[in-house]
Amino acid sequence: MDNRTTLMYGALLHDIGKIITRSNEGAASHQTAGKQFLQQLPPFNDEQFLQLVAYHDLEQIEKSKLSNKYPFLFASSSKRYCPWDRSQALSR
């Protein structure tokens, strides 16, 4: 998957694991659930893309030793442009 395609699909699918975790109480984090789901689909079984899905929150990136810059770009822009969790907003 080229860089542009990785970023495009990453922007669209990085939070797909939220659907899985919200429908299954015992599921792992949404990042892990999303990675596990997408790696089963041949077009998305790309390590750089899967790292973006699995590590798109700043807290996770700080704990990992990633050489991939895309998760950091996603986490930084997400924190800046969407600082609140939608589930908190919906529960109000």
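The values are calculated or read from the model by the stated rules, or taken from the named source; none is laboratory data. Only a predicted model underlies this, so the values are computations on that prediction, with no experimental measurement involved. For the accessible areas, the whole protein counts, side chains as well, though only heavy atoms, and no ligand, DNA or RNA atoms are used. Shrake-Rupley method; radii C 1.70, N 1.55, O 1.52, S 1.80 Å.
Here are the numbers for this structure:
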item: Per residue, in Å², the accessible surface of region 1-54 once ligands and nucleic acids are set aside, probe 1.4 Å; result: 60 Å²
item: Share of carbon and sulfur in the accessible heavy-atom surface of region 1-50 [1.4 Å probe, %]; result: 52 percent
item: All aspartates and glutamates inside 12 Å of Lys18 as judged from Cα atoms, apart from same-chain residues fewer than 8 positions distant; result: Asp85
